[in-house]
Every structure is written in C-alpha cells, then in structure tokens.
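Heads up, the thing below is written out as structure tokens.
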Amino acid sequence: MRVSSRGDVDPFIVMDVMEKARQAEAAGRSIIHMEVGQPGTPAPVAAREALATAMSQDALGYTVALGLPELRAGIAKLYKTWYGVDLNPERVIVTAGSSAAFVLAFTALFDAGEKVGLGLPGYPSYRHIMKALSLEPVGMQTTEATRFQPTGAMLPEGLSGLIVASPGNPTGTMLGHAELTEIAEGCAAKGITFISDEIYHGLHYEGRGVSALEVTDDVVVINSFSKYFSMTGWRIGWMVVPEDLVRRIERLAQNMFICPPHASQIAALAALDCIEELEANRAVYAENRRLMLEGLPKAGFPKIAPPDGAFFIYADVSDLTEDSRELAAEILEIAGVAVTPGLDFDPGRGLQTLRFSYARATEDISEGLARLKAWFDARG
C-alpha cells in the first residue's frame, strides 16, 4: 500500500522500554519503573466519585468542541490562584490531552514546510508531531550553562515558531520570569510564534513555576491534567490562546476530535477541587527527589541536571557508555530497573545520557536506587 513520508517518524523509545519491562514482569521478574513519566497514583478520589455519579445519571455524549463551560471557567480560576493572572475563560480550550493541543496548535499556527524551534534535549513528540504535519523541527542545542533551556539569544533566523517547556522533560529545569520575558521579547522582535508547554506546573520543589501568561498574552500555553492532577490515562488537557485564535482552533477541534472525552471532563472538573490530595502527592515526589539526588551519585550517576520540577533526573553517562540504549538494556536485564535512553530527547548527544523518573512510590525509588548501586558496584 502506498504510504506517506509524514509517517516516517522515530519511535517513542520510552514506550519500547515500557514494553520490554512489561515482558520481563510477565515472565515473573520484579521490575522497578523509572522509565515512564507517569504518576504512580490514581486520579483524585473526588474525581473518580464524580464520574461514577455522572455515569449513573447521564449518557455522557458529545460536549461542545471547546469543552464544558464550567471546566473552562475552573481552569481560568486556577490561573488566578496559581499565578495571579486574570484569564477570560473563553480563551481556554479543553483538549484530549496535551497531545491534541500540540496537534491543534501546530496545525492552526504553521503552514507545511515552516520551521519551529525547540530545545534539545526535549520532549520527543514535539519533533515527531511536527514531522507528521510536514513542519520542520529545528533543534537548539542547550547546555548546562543555560540549565538545558533555550534562551532568547539562541533564536536562529527563519523560525516561524518556538516551543519551550518549563519544567522541562527530561531535565526538570525551569525558566524563571526573566528568562521567559527574554524569550517572549525575542520571539516578538523576530515575528516568531511562542508556545509554552507547562504540563509539569504544580510539580515544583523550591520556587514555583512561572507561566508565560505572566509575561505576555501573545503566547499559546499548553497544559494537562496528566501530571500534577495524576490523570495520564484520562487524556484530558487544555490550551490557552489569544482571543483571535479561539474560533480558528474551535473549527479544527470540531473536525479533528469533535470534543474532548466527556467522562474525563467531568473527572477533571472535580479534580480542580482536590488540591490537598494532590499536594500530598507532590510531597512524595519531593522525598523521592531527595533520595534520587542523594542516591544516584552513589550508584554511578554523579553528573545530573539540576531538577527544579517535574519528576525526572537527566544524567550524563558518557563515562559509562557510548550507547545509552545498550546501557538501559543492561540495567533492565541485570538490575531489574527500567530507565529511558537519552536518544528519545536528543538524537545526537542522547547516546550518552539517561533519564530517570521518580514518579512512583517512595519504596520503589529506594529499592530502585539499591538495585542500581548493586549493579554499579558489581560492574566494577
């Protein structure tokens, strides 16, 4: 059958690691999961209860394409609470996870062949979605000097857009108010459309995350209920766009997705009132982070990016290997710990990096670190 070159995207390597870990577990092995960026906790109790009630009373059919009005209002209220930003709910668009928001944003903002900048290392699906939409991703090599984040001074000529993530995946590093301002001003000066991925907001351990909406309204902000709200499998996210983009994206959403999942929207609305439970989850991540920062150097991984937020640690393993895939496979086979090769996040330098997730229970993190240390000590 004839196929399109737009489908020639690289695999999402972490999903391959998950499958190998699943196979090992099916064969009876105990595996500690440090590969996937997914909370180990379920959706908040009240969110699950709200859906159970709704299922007994409602057919849960289509909603309007932009999402339930009350959910859009609830998300807008969150921006006032978290950032002091007064946000018109009509600028909030509910999506089927942040993935749908990326598709909608890239489709609404860019024409085929246009160039969109992104920092490397970075979330791999940015590049793959762009390629599938006939866009040209332009990787910007970041370094420890910029805390593995792009800067306004890095912007090359010829970009139509730029996407940044703070906290970042895989590094967990964040952009402050000054850094975001510099990026926003640099984009404005060069006519570059600015997109800010804020999916890990709420998961911070010292200073809070700064939203791009605190420095400019000329931005598309993307977020999700997946991480802080512990609702990955529910596939529910949102985007905040300038008012003149709402109808354009609405038309695309109507045709591409019809609407976000009704059931997930009901649960998400209730989750907005579950902050006490979610803050307890964050306290677990904070303890896990402490253990990782203390334990990874002892297990042979001393060169790590400074993780301000999210639940990842990105490690330089150039002294251990020239092939992070082989090293990850060795760690899974011998130590029973699943980790992600850096190739997912940086096609060049990723051969010498690994990402560790600490999103699981603290007991799992402690056990994983013990296994990693035993593996490293035995390796000599």
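The values are calculated or read from the model by the stated rules, or taken from the named source; none is laboratory data. For clarity, every value in this text was computed on a predicted model and none was experimentally measured. Positions of Cβ are backbone-derived with ideal geometry, glycine not excepted, and every protein chain shown enters the neighbour counts. In case anyone asks, the SASA skips ligands and DNA or RNA and just uses the protein heavy atoms, side chains included. Shrake-Rupley method; radii C 1.70, N 1.55, O 1.52, S 1.80 Å.
At a glance:
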read-out	value
Scope the stretch 172-192; condition touching a residue at least 40 places away in the same chain (Cβ under 8 Å), under 20 Å from the mean Cα position of the chain (by Cα) and farther than 13 Å from residue 119 by Cβ; matching residues	172
Count of residues meeting criterion [among the β-branched types (Val, Ile, Thr) and crowded, with 16+ Cβ neighbours inside 10 Å] in the stretch 253-274	1
Check on residue 315, of a type in the set (A, V, I, L, M) and either assigned by the TED database to the domain that holds residue 224 or within 27 Å of residue 144 (Cα to Cα) (or both)	yes
Test: residue 222 is under 25 Å from residue 350 (Cα atoms), among the hydrophobic types (A, V, I, L, M, F, W, C) and assigned to a strand (DSSP E or B)	no
Tabulated pairs, the stretch 1-25, first at negative phi, second exposed (fewer than 10 other Cβ atoms within 10 Å of the Cβ) and charged (D, E, K, R), C-beta under 7 angstrom, 6+ apart or interchain	none
For residue 306: the one exception among (1) in a helix (DSSP H, G or I); (2) at pLDDT below 95	(1)
Tally, over the stretch 297-308, of residues that are open to solvent by 60 Å² or more (accessible area, probe 1.4 Å) and touching a strand residue (DSSP E or B) at 6+ places or on another chain (Cβ under 8 Å)	1
Hey, residue 100 modelled with pLDDT under 95 and either in contact with a strand residue (DSSP E or B) (Cβ under 9 Å, 6 or more places away or on another chain) or in the same structural domain as residue 249 (by the TED database) (or both) or not	no
Within the stretch 170-197, tally of residues that are in contact with a Leu (Cβ under 9 Å, 6 or more places away or on another chain), part of a helix (DSSP H, G or I) and within 11 Å of residue 149 (Cα to Cα)	1
The stretch 12-42, subset β-branched (Val, Ile, Thr) and under 30 Å from residue 131 (Cβ atoms), residue surrounded by the fewest Cβ atoms within 10 Å (Cβ to Cβ)	36
Unique residue being open to solvent by 20 Å² or more (accessible area, probe 1.4 Å), of a type in the set (A, V, I, L, M, F, W, C), in contact with a Ser or Thr (Cβ under 7 Å, 6 or more places away or on another chain) and over 15 Å from residue 83 (Cα atoms) when the list is 234, 238	234
Complete set of residues in the stretch 309-332 that are in a loop (DSSP other than H, G, I, E, B), surrounded by 14 or more Cβ atoms within 10 Å (Cβ to Cβ) and of a type in the set (Gly, Ala, Ser)	310
Output for the stretch 262-296, where each listed residue is among the aliphatic types (A, V, I, L, M) and outside any helix (DSSP H, G or I)	272
Unique residue being in contact with a Ser or Thr (Cβ under 9 Å, 6 or more places away or on another chain) and open to solvent by 60 Å² or more (accessible area, probe 1.4 Å) when the list is 287, 294	287
Answer residue from the stretch 43-59, given it is open to solvent by 40 Å² or more (accessible area, probe 1.4 Å) and not in a helix (DSSP H, G or I) and is farthest from residue 258 (Cα to Cα) among those	58
Some residue of the stretch 199-210 being over 16 Å from the mean Cα position of the chain (by Cα), among the charged types (D, E, K, R) and either part of a loop (DSSP other than H, G, I, E, B) or in the same structural domain as residue 103 (by the TED database) (or both)	yes
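Each row is one residue, and each column tells you yes or no for (1) assigned to a strand (DSSP E or B); (2) open to solvent by 60 Å² or more (accessible area, probe 1.4 Å); (3) more than 19 Å from residue 13 (Cβ to Cβ).
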site	(1), (2), (3)
334	no, yes, yes
343	no, no, no
364	no, no, yes
367	no, yes, yes
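Conditions (1) in the same structural domain as residue 171 (by the TED database); (2) open to solvent by 10 Å² or more (accessible area, probe 1.4 Å); (3) at pLDDT below 95; (4) of a type in the set (A, V, I, L, M, F, W, C), marked per residue:
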{"site": "194", "(1), (2), (3), (4)": "yes, no, no, yes"}
{"site": "214", "(1), (2), (3), (4)": "yes, yes, no, no"}
{"site": "224", "(1), (2), (3), (4)": "yes, no, no, no"}
{"site": "230", "(1), (2), (3), (4)": "yes, no, no, no"}
{"site": "251", "(1), (2), (3), (4)": "yes, yes, no, no"}
